[in-house]
Amino acid sequence: MGLSVYVKKRDFKRTPEPSGKKVGTKKELIFVVQKHHATQLHYDFRLEHRGVLKSWAVPKGPPLKPKDRRLAVMVEDHPYAYKDFAGRIPEGEYGAGIVKIWDKGTYKAVSSIDQGLRSGHLTIVLRGKKLKGEYALVRFKPRRPSGSGSRPQRRDWLLIKARKKP
Ligand code: MN
């Protein structure tokens with residue numbers, strides 16, 4: 001996906017958000033969840049992958065109990081430096097409102113992230129303060145074209161907390 005959509009949506013003279021020059025270099029992969037008080041409160045769930053943050057907006061927040069699942073809408077890749085962003089996006093800018101870091105940590109991919117993004121099924125193990133253990137991200141199956149010309153929604157995923165290991 002790259003950062004072109006991210007950059008296009010923002011005016012970096014006005015928003016304090018990072019412009020995305022820096023890429024990930026650390027060995028351990030990181031994740032972050034930002035609580036975003038925008039027009040609609042949501043949580044942004046981000047996974048470092050190939051120097052950027054793959055990103056999903058989770059309206060109800062990530063699930064905390066085993067087997068719980070929450071809608072997670074894939075949004076544009078964000079720059080790696082966004083992992084540290086907290087602050088106020090000014091009125092009139094994309095995503096205007098307050099961003100706070102809700103949780104962060106490292107994660108491990110149980111299987112290939114590239115393949116998971118293609119197939120629509122990621123399995124990861126999170127090591128954060130609030131989010132710990134195995135999670136899956138599963139893309140909704142696109143609906144069959146109804147003939148109305150509407151495209152299947154490819155952006156909707158479920159973020160699922162795995163059941164506890166016996
Ligand atoms: Mn957001």
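Name, by its number, the condition in (1) within 16 Å of the chain's Cα centre (by Cα); (2) over 25 Å from Arg118 (Cα atoms) that does not hold for Arg70.
(2)
Does Asp103 satisfy being within 16 Å of the ligand (Cβ to nearest atom) and within 16 Å of Asp156 (Cα to Cα)?
Spelling it out, it is not the case that Asp103 is within 16 Å of the ligand (Cβ to nearest atom) and within 16 Å of Asp156 (Cα to Cα).
Please work out which residue is nearest to the ligand (Cβ to nearest atom), limiting yourself to region 26-62 and to residues that are assigned to a loop (DSSP other than H, G, I, E, B), farther than 21 Å from Val7 by Cα and over 14 Å from the mean Cα position of the chain (by Cα).
Filtering region 26-62 for residues that are assigned to a loop (DSSP other than H, G, I, E, B), farther than 21 Å from Val7 by Cα and over 14 Å from the mean Cα position of the chain (by Cα), the one nearest to the ligand (Cβ to nearest atom) comes out as Gln40.
No lab work stands behind these numbers, since they all come straight from the coordinates. This is a predicted model, so every value here is computed, not measured. Virtual Cβ from ideal backbone geometry, glycine too; neighbours counted across all protein chains shown.
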